[in-house]
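Shown next, in structure tokens, is the structure this report addresses.
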Amino acid sequence: MLTYTLRKLLMLIPMLLVITFLIYVGLELTPGDAVSYMVGPDALANMSQEKLNELREALGLNDPFIVRYLRWLGRALRGDFGYSLTSGVPIKDIVFSRLPATLELSVAALLFSTLLGSILGMASALKKGSIMDVSLTVAGMIGVSIPQFFFALVSILIFSFKLGWLPSGGRTMPGYTTFLDRLPHLILPALVLGITMTAGVMRYSRSSMLDALSKDYIKTARSKGLPEWRVNLLHGFRVALTPVVVLVGFRLPMLIGGSVVVEQIFQWPGIGKEFVAAVRGQNLPLVMMIALFTVTAVLVASFLVDLITALLDPRIRLE
Amino acid sequence: MDRLKMLEKEGLLKSRQGSRAVGKFLQNKLAVLGLMVFAVILLASVFAPLITKYDPAMIDLRSRLSPPSWQHLFGTDKLGRDVFARVLYGGRISILVGFGGALGAALVGVSLGTYAGYKGGWLDRILLRVSEIFMAFPQIILVLLLVSILGQSLWNLLVIFTITGWGSVYRMTRSQMLSIREEEYVQALKAFGLSDALIAYKHMLPNALGPIMVNLTLSTAMFILEETALSFLGLGVPLHIPTWGNILNAAQDLTILQEAWWIWVPVGIVISAFVLSINFIGDGLRDAVDPTQQG
Amino acid sequence: MHKNSEVLLKIRNAQTYFPVQKGLLKRTVGHVRAVDKVSLNVYWGETLGLVGESGCGKTTLGKSILQLVPVTGGEFIYNFDGEEKDLRKLSKEEMMQARKRLQIVFQDPYSSLNPSFTIFGSLQDPLKKFGVKSKEERKRIIGDLLEAVNLHRDYMYRYPHEFSGGQRQRIGIARALSLQPELVICDEAVSALDVSIQAQVLNLLLELKEKHQLTYIFISHDLSVVEYMSDRIAVMYLGKIVELAQAEDLFANALHPYTQALLSAIPVAEVGRKRKRIVLEGNVPSPVNPPPGCAFHPRCPYAMEVCKSRVPELKTYVLDGKEHQVACHLAADKVGAPAKSRQAEVDSNATN
Amino acid sequence: MVYVDTILTVDNLHINFYTNNRCNEAVRGVSFQLKKGRTLCLVGESGCGKSVTASSIMRLLPPLSRIEEGRIIYHSEQGDIHLHELAANGPEIRSIRGAEIAMIFQDPMTALNPVYTVGFQIREAFLYHTKMAKAAMQQKAIELLRSMRIPAPEQRVNEYIHQYSGGMRQRAMIAMAMSCNPKILIADEPTTALDVTVQAQIFDLMNDLQKKHNAAILLITHDMGVVAELAHDVVVMYMGVAVENGPVEEVLTKPAHPYTSALLKSIPVLGQSRSKKLEPIRGSTPDPYNRPQGCQFRPRCDFATEKCLQEPEACSVGENHTVKCWHWEKVLANA
């Protein structure tokens, strides 16, 4: 297990290095002066040309490429990601002020989609061919086919504008302090964000469960005289769980990607909304850094998923 | 069961001709339904000039925001353009982008995956790592990143979809090839000393085509969804070209969202129906070509 | 041409190791010694049986001869119409030509034919490669091949799924014969077939051998089948040959304790022949870490001290005027001193 | 004619499979009696219906298949139980499974669950048939493994199946099956996946168990050698039909069915096969969806006549020896 964990970690590091390198190449290739996002805008505004050249020398912008990359990497590791081109705010501040909102949204969506999806999928597999199975299968298919933003628009139209049950956007209102106060704001975006994932997890856990149920050890379990619930849950469900966890890990990038669209529509003040704004404003340093952030998040999350998989499956754990 | 038993006794089930895969696909009602919906939407888009007399770009400020009527089936938008015509013409671009992106990704992914999967070695290891890096990015983030570097245009979008999509096709083709590589007929061809490319592309690839075709349909659906999402955000195909996503872009305006539902609801339904039909076809194909389900 | 006593293939110290990767960086920590210093001669026109349990390296040895797996060491000296060359040292072009002479029949009739191609489509590419340019000519050859294995020549337009297992296996044999090889390796060629079909294929193989003057290396885990087919039989255990003798001698006079146990463990379809079974304890050890000394000693009922430390050499003894090779420290006690050392035999073969 | 020591009677069993929109008569007329302390071998080629017959006794047939006709009766100490009438996964059959009738499968690697320890899976067998405390179950599991000659059972009991070697896996499987001292042990090709030297170990073990517990063993195999070594009685199956049924000495030395006789002539026998040329059976096994009319062996049979277009009935050849062939007398005379 320790070797496995360490190996997975060791694979993570070169991957991150390559990605940061690519991001840095992207940054270098972007038009505009690198100084502009390395120095605060106030300082920059009052600077003469000579001072600027001195600064370039001092900042090492005339050094070889690889040196500049390493220096940049070093600063990034210490939390200095440079400044936003448009607002002049440090990128670090932008990211960290938006992070909680995005985390809240994605964790909510992840939790409900995984739970609901796997339970529905397994139930569907157990009743294979029944009306419930067929309707769930069709519903799942519809779930992955409707564009997320269309789903969002329709739900805003119905639940906010027509019925007036839930707010149409934003994360909070003046005077709201507790999570419970904010909860109504979270429901619609989290539902919309999770719906595709739920459908995906459901379809996958159905086939995973069917696969597990077709295995010989199910027959063995029955041949011991075990009751059906035990056969289905302990031998079927338990084994079918591992591939589902792997799939959830695999789908994480999609969930994070989905939040870009959902945050935009619901005016959710998260990283995704910031990202769209940055792309629209051609604020490339910010675009790059947010991309780097999400990749890192995905890689760390899939590392955690690997660990859970190993805990679930002794064949990996005891390798 | 009893019906089957009777039919079998009478020998009625003995003469079933034709390909098992085709038969299996046609038995799948949802897949056939999907094929029909797919064909209707596709043909309507291709033959748009024959179906509607309106020019999708024609601005008619006298009839702005008019609700659906016999004159304008889906009504008109803020500039008085006929929405029905825009949906039909928009389908051309959206389908082209979706299918083109999937095809581009498949071409790159399959041709690399077939050879690297068969040969293994350093080439395979490097490509595997590279595809891992591409796949670590959330798809839409990578697409937007590339959009902001390359700029917005139809061709750029196709290129970007190819760049972001080849990784998963590569990995799937590769894993297919890895399992086919163990088949004894491949060993036999090796024992005859045939060249690697001949073995990989001529003899092995046809046996991996089933899953590749399934993947092609499913990724077409995915890219259509992605194009519409990007265009909806105003970051996909330039806004002056009608695409499904660009039409929906109007719904970002809260008044339109609330008051002029005909501008965005029909096109949303068309997109959903089209993607759904592709997914049903893909699912039907998957069941039909899956060797484990044949018996 | 060849004479019966002529050696077609000399294998000397063949080693095929597969790396085992483990640990943090997937470093190679050891090797599976699938084939571990095997030396043997294959005589022209004979059938050499290769028998052993799963994982003993018999299939890897077969594939090593064909150079289908990366061979670690040793020599595979093939007799090209009188000219002896090591297969491992051939140029690419020479190896390609050599492949005409060496062919293989596989085990699984279901994976040995390409499901996407007709039989003609599957079989024509090798012919094309080796210079049969006209399509008509290829059709004629493939038709003849199918008839040679008792199938109708029009079957070449059919797809594999239209054939039964036995028919597919015959097509696999036809493919192996398509370039008129000299040496055919039958790798578990009948193991996947039902018993009633097995005999058809076995007899066909015997017939074809007569007709086309073939030499067989017949690999199987089933001793009764190997006995039926072979002139000489080599028994393998953990990558090494432990015993090699004429088929009759091996059964009448097994010298190695492993061969004895193997023979006694095989159920025989004859009532009233219940023999004393030698039941071996334990399992075949891992070929990554074979036991020191004689690899069989942990399971051997006669193991002595020397067996734990010294690897027994494969030595040739003469029993009733016939050569019998065995790698066991006990053999000398049973049958007297070896006739000559293994090396001496090798050298004498090399000179004549 | 039920013997006092008969423990299981299968009478004229018919089973159909309804898959791929076709109906396959997988088993079409199988009858035999299993006796205490004896081993009965069901022998036949792949697809002959021997495994289906075995599964049907435990009512473990897959969905889309059913028993059409015939009876399966378990003669328990509490009286006869008609197994074919029980609900497929109901409480009655569950109380018999594992406790009275146990089963071992061909490939222990797939027949045991990879995510649970071997001990857990053995303890599960006790869970619904005994009232033991958990510690006692664990103790019993260790004892069982020890009696199966598995080294270091205290440690092995907490290991997973992939940590076991091939032979040990099958022994763990047998330990699980024997956990509640069943009266009947059904073994479905238990050694096909194993090497011969390991097969010998397993057969040894099964012999010992039979002697110790006086269990009846139903052994499914395709290997005539295994039949000769282990069976007391044998049922030869071909295309779903039990063509010949009798004591092993009679069936193997005086086969009365042309299929049995041809099969015996087509397999190489160790130690004498160099002197004897094999006589293959011509043709190949028919497609189950395209069966010949009448006797299933007719197209491949040397004795076939017009009469064989009718399905033959069971004829008595000797005491307890029956055969389904119109020409069995000619077959016997020809041998």
Original post:
Among the candidates A:Phe179, A:Phe159, which residue alone is open to solvent by 50 Å² or more (accessible area, probe 1.4 Å), at pLDDT below 75, more than 21 Å from B:Ile281 (Cβ to Cβ) and of a type in the set (Phe, Trp, Tyr)?
Top reply: A:Phe179
**OP:** Select, from B:Ser168, B:Ser148, the only residue that is in a helix (DSSP H, G or I), within 14 Å of chain A (Cβ to nearest Cβ) and modelled with pLDDT under 85.
**Re:** B:Ser148
Original post:
Would it be correct to say that D:Thr253 is hydroxyl-bearing (Ser, Thr, Tyr) and either in contact with a helix residue (DSSP H, G or I) (Cβ under 8 Å, 6 or more places away or on another chain) or farther than 23 Å from D:Lys324 by Cα (or both)?
Top reply: no
Original post:
Restricting attention to the stretch C:160-176, does a residue exist that is within 19 Å of C:Gly45 (Cβ to Cβ) and either part of a strand (DSSP E or B) or of a type in the set (Gly, Ala, Ser) (or both)?
Top reply: yes
**OP:** With the condition kept exactly as written, say whether any residue in the stretch A:83-92 is open to solvent by 30 Å² or more (accessible area, probe 1.4 Å), over 19 Å from the mean Cα position of the chain (by Cα) and either closer than 30 Å to B:Glu259 by Cα or among the hydrophobic types (A, V, I, L, M, F, W, C) (or both).
**Re:** yes
**OP:** Tell me, please, whether a residue that is away from chain D (no Cβ under 14 Å) and over 30 Å from B:Pro206 (Cα atoms) can be found in the stretch C:49-56.
**Re:** yes
**OP:** Output the number of the condition that D:Met168 fails; it satisfies all remaining conditions of (1) assigned to a helix (DSSP H, G or I); (2) at pLDDT 90 or above.
**Re:** (2)
Original post:
Out of A:Arg238, A:Arg251, which single residue is more than 11 Å from chain B (Cβ to nearest Cβ), open to solvent by 20 Å² or more (accessible area, probe 1.4 Å) and either of a type in the set (Lys, Arg) or touching a Gly at 6+ places or on another chain (Cβ under 6 Å) (or both)?
Top reply: A:Arg238
Subject >> Counted residues, the stretch C:124-152 - those being open to solvent by less than 30 Å² (accessible area, probe 1.4 Å) and not basic (Lys, Arg) >> reply: 12
**OP:** Would you be able to tell me the number of residues in the stretch A:93-132 that are hydrophobic (A, V, I, L, M, F, W, C) and either assigned to a loop (DSSP other than H, G, I, E, B) or open to solvent by 70 Å² or more (accessible area, probe 1.4 Å) (or both)?
**Re:** 10
**OP:** Could you tell me whether any residue of the stretch B:113-127 is part of a helix (DSSP H, G or I), within 14 Å of chain A (Cβ to nearest Cβ) and among the β-branched types (Val, Ile, Thr)?
**Re:** yes
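Every residue, every condition in (1) among the β-branched types (Val, Ile, Thr); (2) open to solvent by less than 20 Å² (accessible area, probe 1.4 Å); (3) in contact (Cβ under 8 Å) with a residue 24 or more places away in the chain, yes or no:
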position	(1), (2), (3)
D:Leu263	no, yes, yes
D:Ser266	no, yes, no
D:Ile281	yes, yes, no
D:Ser284	no, no, no
D:Arg291	no, no, yes
D:Thr305	yes, no, no
D:Pro312	no, yes, no
D:Gly318	no, no, yes
**OP:** Give the number of residues within the stretch D:142-159 that are within 13 Å of chain A (Cβ to nearest Cβ) and buried (at least 17 other Cβ atoms within 10 Å of the Cβ).
**Re:** 1
Original post:
Looking at the stretch A:1-38, which of its residues are in a loop (DSSP other than H, G, I, E, B) and at pLDDT 65 or above?
Top reply: A:Met1, A:Thr30
Original post:
Got a sec? Which of A:Lys215, A:Lys219 is open to solvent by 40 Å² or more (accessible area, probe 1.4 Å) and either at pLDDT 90 or above or more than 14 Å from chain D (Cβ to nearest Cβ) (or both)?
Top reply: A:Lys219
Original post:
Which is surrounded by fewer than 17 Cβ atoms within 10 Å (Cβ to Cβ) and closer than 25 Å to B:Gly34 by Cβ, of B:Leu285, B:Leu209?
Top reply: B:Leu209
Subject >> Lone unmet requirement of (1) more than 25 Å from C:Tyr43 (Cα to Cα); (2) assigned to a loop (DSSP other than H, G, I, E, B); (3) away from chain D (no Cβ under 14 Å); (4) of a type in the set (A, V, I, L, M) for C:Ile142 >> reply: (2)
Original post:
Under the condition of being open to solvent by 30 Å² or more (accessible area, probe 1.4 Å) and of a type outside the set (S, T, N, Q), which residue from the stretch C:286-296 is farthest from C:Ala261 (Cα to Cα)?
Top reply: C:Val288
**OP:** Could you tell me whether A:Leu286 is of a type outside the set (D, E, K, R), open to solvent by less than 10 Å² (accessible area, probe 1.4 Å) and in a helix (DSSP H, G or I)?
**Re:** yes
Original post:
Restricting the search to the stretch A:289-319, which residues are in contact with a Lys or Arg (Cβ under 7 Å, 6 or more places away or on another chain) and open to solvent by less than 20 Å² (accessible area, probe 1.4 Å)?
Top reply: A:Ala310
**OP:** For the stretch D:172-193, enumerate the residues that are over 22 Å from A:Asp313 (Cα atoms), within 14 Å of chain C (Cβ to nearest Cβ) and surrounded by 23 or more Cβ atoms within 10 Å (Cβ to Cβ).
**Re:** D:Pro190, D:Thr191
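Residue by residue, here is whether (1) of a type outside the set (A, V, I, L, M); (2) more than 26 Å from A:Leu6 (Cα to Cα) holds:
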position: A:Ala221; (1), (2): no, yes
position: A:Leu233; (1), (2): no, yes
position: A:Leu255; (1), (2): no, yes
position: A:Ile265; (1), (2): no, yes
position: A:Trp268; (1), (2): yes, yes
position: A:Ala277; (1), (2): no, yes
position: A:Ile290; (1), (2): no, yes
position: A:Phe303; (1), (2): yes, no
Subject >> Segments classed as helices (runs of 4 or more DSSP H), wholly inside the stretch B:215-295, with at least 2 members that are in contact with a Gly (Cβ under 9 Å, 6 or more places away or on another chain) and not hydroxyl-bearing (Ser, Thr, Tyr) >> reply: B:244-248, B:261-289
Original post:
If a residue has to be within 10 Å of chain C (Cβ to nearest Cβ) and out of contact with any Gly (no Cβ under 8 Å at 6 or more places or on another chain) to count, how many in the stretch D:222-239 make the cut?
Top reply: 9
Subject >> Qualifying residue in the stretch C:198-205 (condition: open to solvent by 20 Å² or more (accessible area, probe 1.4 Å) and more than 10 Å from chain D (Cβ to nearest Cβ)) >> reply: no
Subject >> Wholly enclosed strands (runs of 3 or more DSSP E) of the stretch D:25-114 bearing at least 3 residues open to solvent by 60 Å² or more (accessible area, probe 1.4 Å) and free of Cβ contacts under 8 Å to residues at least 60 places away in the same chain >> reply: none
Original post:
From C:Asp222, C:Asp249, which residue is open to solvent by 10 Å² or more (accessible area, probe 1.4 Å), modelled with pLDDT under 90, under 28 Å from C:Gly293 (Cα atoms) and at the interface with another protein chain (Cβ under 9 Å from one of its Cβ atoms)?
Top reply: C:Asp222
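The values are calculated or read from the model by the stated rules, or taken from the named source; none is laboratory data. As the structure is a prediction and not an experimental result, all values here were calculated from the model. Here Cβ is always computed from backbone atoms with ideal geometry, including for glycine, and neighbour counts include all displayed protein chains. Each accessible area value is taken on the protein alone, full model and side chains, heavy atoms only, with ligands, DNA and RNA left out. Shrake-Rupley method; radii C 1.70, N 1.55, O 1.52, S 1.80 Å.
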